[in-house]
Amino acid sequence: MGSITALGIVLLILMIIVGGKQGVTSFLSMVVNFGILFFTIVLIAFHLPPIIVTIVSSVILLSITIFWSSASDNASTTAFQASVIILILIVVIIIPVEYWAQVGGFGLEDSEELEGLSTYVGINFTKVAIATAILSSLGAVAEAAIAISSGLDEIVTQHKEITSSQLFLDGTIIGKQIIGTAVNTLFFGFFGSSLALFIWFYGLNYSFGEILNDKVFAAELIAIVISLIGVVTTIPITTWIMSFKLKRLHKTQLKE
Amino acid sequence: MDTKLTSKMTWIQIILVIAFCFLAAFFCQHNDGLYRQPIFQVNRVENGKAVKMTDEFHNVDYYHSQKLYGQITNGTYAGKKFSINNSYSDSHAMDHEYKRGQKLFITLHTQPKLHATVKDMKRDAPIAFLFAIAISLLFVILKLRGVTVISSIVINTILFWIAVKIDHNNNGSAVILIFSILAVVFCFVTLLLVMGWSKKMLVTLSAVLCATAATILITLLVFAVTHERGVYYESMQYVTQLPKPLFIAEVLIGVLGAVMDEATDIIASLATLKQERPQLSKMDIFKSGRQIGKSIMGPLINVLFFIFMAETLPMTLLYLKNGNSWHYSFSMNMSLGMTSSLISGIGIVLTVILSSLFAGLWIKGDER
């Protein structure tokens, strides 16, 4: 048995112990997400337009992550709507930034790995970098949206009479608590995944300017900062959607 | 009245934010004097003809050559005008198409006469722009809390850099030890900033540390039992020292944020619960902790999954286009990302159990 299979089994068992049925669903959502991610890469390899393929699969990935979580119907619908809006926002910001920074493709640090590989494959790697940045932000955006909308949904169910402006204030307070720690998840993920790169920079005496302008580093940094932007904007957008829904609900109740 | 005030505030904020972002980018566009490397500004581009080329895997690409006219903007040769030849492919994998107005780092050759080759692009302006957006959003949306978040990032970055330095000075012989100590310091500093000095913080700290340590032990155990089959350390990128301990250290640091995030959520909620209903038994607290954890663990695992997996996309794509099978492309590029995701998943699930357990044991109703 391979290590990946063994680790997968350990994870599945632990998730069943903690979550029962929900544990199985969470595990499956990761497996299906992997399948979709790999399929996205294959489609790009077949020369389908990278950005469009990525946006379509991002919506599917977001819906799987959000609707297969244990959040209530109202919370997960709101979370999904909010995260799609944020996805659009991320796409709008990332496309000009990636073209401006030109971080697509591979850096000098990759030379050793590229040995024997043809890099003239006819796929625009700037677009691939855009796809990478969008995909790496999805998990963080989905998680933040679920956390905030679940919190708000809890408030709405407990205090049925709450006004939408009061809900907006509460949402901002809940959001602040959640985002403060969610940012750490992102940054430690970034530190962890680029530890080898940092050791490389230090070992080869890169100056601060060289690191900042380095293609590989810049690509990772852009991906993480765009996720950060996505996570932070989750607060107002999720809260706004939730209070909009509440307002509409109050209106229909008044009519009745 | 209230809404009027907030909307007015928001307009001023939006203008300030936009001004700040462009100012940051503008500063970086004109900071050439800060660099020691010569910088070349492109004033005019002459594009040559495109050449069609096909590689052995029937990938079609177009190769272009261009001549860049411009001048050096810093250093001893500032103001010198000349031209540089550049070539690029449509895929931009290892090359760039340069345009008018861009700034490039170049290598200058003075023999036999002044000429140069392009090294890389100057990228600080877009990065500063993006950073400015992120920082101003943090301040506008999180207000005072934004200061805590940013200072936590800054402090952790400095600590991280110090650990990298110590690791380098030891020639990478004690990676796991160094980064384990760093992990403890990271947790302490971050939790102190987020929760303040309290019993709740100590409970969270112990839950985080125990869960992380248990995760690493389980990982090593699984690796030993399966003889690390299917873990291709040789596919690790940018490795300058022994790959296995480096990989463990990477995962250790990578999972830490998620584990802290989760433990803080669970323990804070349980403390509030115990506060409101002090009659709840230890077992009840444990059970509600599991209930909370159950709903957050799935999305949280996906956060790290996407961070670890997405970055393998370009290289996997290149492998696929170079006639490799799906299986081989996966093994050489994505298997390590998958392994890290699974290990992080184990850490995240263990955190649910340990934080509920510790909260049940140590948190009493009368404290906050």
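The values are calculated or read from the model by the stated rules, or taken from the named source; none is laboratory data. What you see is a predicted model, and the numbers here were worked out from it, not measured in a lab. Note that we place each Cβ from the backbone using ideal geometry, even for glycine, and neighbour counts take in every protein chain shown.
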For the stretch B:187-204, give me each residue that is buried (at least 21 other Cβ atoms within 10 Å of the Cβ) and over 21 Å from A:K176 (Cα atoms). B:V203
Residues satisfying the stated conditions in the stretch A:94-109, i.e. crowded, with 17+ Cβ neighbours inside 10 Å, among the hydrophobic types (A, V, I, L, M, F, W, C) and either part of a helix (DSSP H, G or I) or not assigned by TED's automatic domain parsing to the domain that holds A:L62 (or both): A:I94, A:V97, A:W100, A:A101
Which one is nearest to the chain's Cα centre (by Cα) among residues in the stretch A:110-131 that are among the aliphatic types (A, V, I, L, M) and not in a helix (DSSP H, G or I)? A:I123
In the list B:K119, B:K165, which residue meets the criterion of being of a type in the set (K, R) and not in a helix (DSSP H, G or I)? B:K119
Looking for whichever is more than 8 Å from every other protein chain (Cβ to nearest Cβ) and either within 30 Å of B:G289 (Cα to Cα) or part of a loop (DSSP other than H, G, I, E, B) (or both) here; the options are A:I64, A:I52, A:I36. Which one fits? A:I64
If you go through the stretch A:97-113 one residue at a time, do you hit one that is β-branched (V, I, T), more than 8 Å from every other protein chain (Cβ to nearest Cβ) and closer than 18 Å to B:A134 by Cα? no
Taking the criterion of being touching a residue at least 60 places away in the same chain (Cβ under 8 Å) and surrounded by fewer than 24 Cβ atoms within 10 Å (Cβ to Cβ), would at least one residue in the stretch A:197-213 satisfy it? yes
Do we have B:V239 as without any contact (Cβ under 8 Å) to a residue 12 or more places away in the chain and more than 29 Å from A:F201 (Cα to Cα) here? no
Those residues that are at pLDDT 90 or above and either more than 18 Å from B:N47 (Cα to Cα) or outside the structural domain of B:N47 (by TED's automatic domain parsing) (or both), I need them from the stretch B:82-106; list them, please. B:F105, B:I106
A:G139 being surrounded by fewer than 24 Cβ atoms within 10 Å (Cβ to Cβ) and either in a helix (DSSP H, G or I) or modelled with pLDDT of 95 or more (or both): no
Given (1) of a type outside the set (S, T, N, Q); (2) over 17 Å from the mean Cα position of the chain (by Cα); (3) facing chain B (nearest Cβ under 8 Å), identify the lone condition not met by A:I13. (3)
How many residues are within 14 Å of B:A263 (Cβ to Cβ), of a type in the set (V, I, T) and under 22 Å from the mean Cα position of the chain (by Cα) if we restrict to the stretch B:177-212? 4
Look at B:H115 and say whether it is without any contact (Cβ under 8 Å) to a residue 12 or more places away in the chain, touching a strand residue (DSSP E or B) at 6+ places or on another chain (Cβ under 9 Å) and more than 7 Å from chain A (Cβ to nearest Cβ). no
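Condition check ((1) acidic (D, E); (2) in contact with a Ser or Thr (Cβ under 9 Å, 6 or more places away or on another chain); (3) closer than 30 Å to B:V239 by Cβ) across all residues:
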position	(1), (2), (3)
B:R123	no, no, yes
B:F131	no, no, yes
B:L142	no, yes, no
B:R145	no, no, no
B:I153	no, no, yes
B:I162	no, no, yes
B:V185	no, no, yes
B:V194	no, yes, no
B:K199	no, no, no
Being within 9 Å of chain A (Cβ to nearest Cβ) and out of contact with any helix residue (DSSP H, G or I) (no Cβ under 6 Å at 6 or more places or on another chain) is the filter here, so list the residues in the stretch B:266-290 that pass it. B:A268
From the options B:S335, B:S344, B:S340, B:S355, residue that is in a helix (DSSP H, G or I), more than 9 Å from chain A (Cβ to nearest Cβ) and in contact (Cβ under 8 Å) with a residue 24 or more places away in the chain: B:S355
Scan the stretch B:213-236 and give yes if some residue there is within 22 Å of the chain's Cα centre (by Cα), within 11 Å of chain A (Cβ to nearest Cβ), under 21 Å from B:A174 (Cα atoms) and modelled with pLDDT of 95 or more, otherwise no. yes
Might you let me know whether the stretch B:82-99 holds any residue that is in contact (Cβ under 8 Å) with a residue 24 or more places away in the chain, charged (D, E, K, R), assigned to a loop (DSSP other than H, G, I, E, B) and within 30 Å of A:F188 (Cα to Cα)? no
